[in-house]
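Below: one structure, written as structure tokens.
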Amino acid sequence: MFSGDIKMIFYDYDSYSSDDKMFHVWFNTGYVENNYLRFTKAVTDKACKDLKNKHFSDHFEIELFFETVTETEGGSLDYEAMVLDGSDEDHDTDEEEEALQAAQQEQAAEGESKGV
């Protein structure tokens, strides 16, 4: 479980050279809405400095999808209920798609309010 300020660092792992830090993002868990966060290139540390798009496309984005973690009666995490293989086997509605649609609708509404 995460709470507060979070720093995520992304590395380029390969067998031909040292592991290079590609970029990082900071966020506070208070800004997570609908279990979704999106970072554009402009707010992604190190990527935002690539003005000539040599390493990062002008349309570069990071999307983070979160899942609620349940606690057992004693207050510890229920690890057996969690699927840790990267698949989405929670058999409910597609939360990621709903979060993405909600974020896109919010972005469209902001654009309309600004007259874009």
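The values are calculated or read from the model by the stated rules, or taken from the named source; none is laboratory data. Note that the structure is predicted; figures quoted are calculated from it, not measured. Cβ atoms come from the backbone with ideal geometry, glycine included; neighbour counts cover every protein chain shown.
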What's the number of the only condition in (1) over 20 Å from residue 101 (Cα atoms); (2) of a type in the set (Val, Ile, Thr); (3) modelled with pLDDT of 75 or more that residue 69 fails to meet? (3)
Out of all the residues in the range 13-33, is one or more assigned to a loop (DSSP other than H, G, I, E, B), in contact with a Cys (Cβ under 9 Å, 6 or more places away or on another chain) and modelled with pLDDT of 85 or more? no
Right, residue 3: without any contact (Cβ under 8 Å) to a residue 24 or more places away in the chain, in a loop (DSSP other than H, G, I, E, B) and exposed (fewer than 11 other Cβ atoms within 10 Å of the Cβ) or not? no
Go through the range 16-61 residue by residue and tally those that are polar (S, T, N, Q) and over 23 Å from residue 106 (Cβ atoms). 4
For the range 39-64, what are the residues that are surrounded by 15 or more Cβ atoms within 10 Å (Cβ to Cβ) and touching a strand residue (DSSP E or B) at 6+ places or on another chain (Cβ under 8 Å)? 39, 41, 44, 46, 47, 56, 60, 62, 64
Quick one: which of 35, 28 is surrounded by fewer than 15 Cβ atoms within 10 Å (Cβ to Cβ) and touching a strand residue (DSSP E or B) at 6+ places or on another chain (Cβ under 7 Å)? 28
Give me the residue from the range 51-71 that is touching a residue at least 24 places away in the same chain (Cβ under 8 Å) and aliphatic (A, V, I, L, M) and, out of that set, farthest from residue 9 (Cα to Cα). 69
Quick one: how many residues across the range 12-50 are farther than 20 Å from residue 103 by Cβ, in contact (Cβ under 8 Å) with a residue 12 or more places away in the chain and of a type in the set (Lys, Arg)? 2
Run down 2, 39 and say which single residue is of a type in the set (Phe, Trp, Tyr) and closer than 10 Å to residue 62 by Cβ. 39
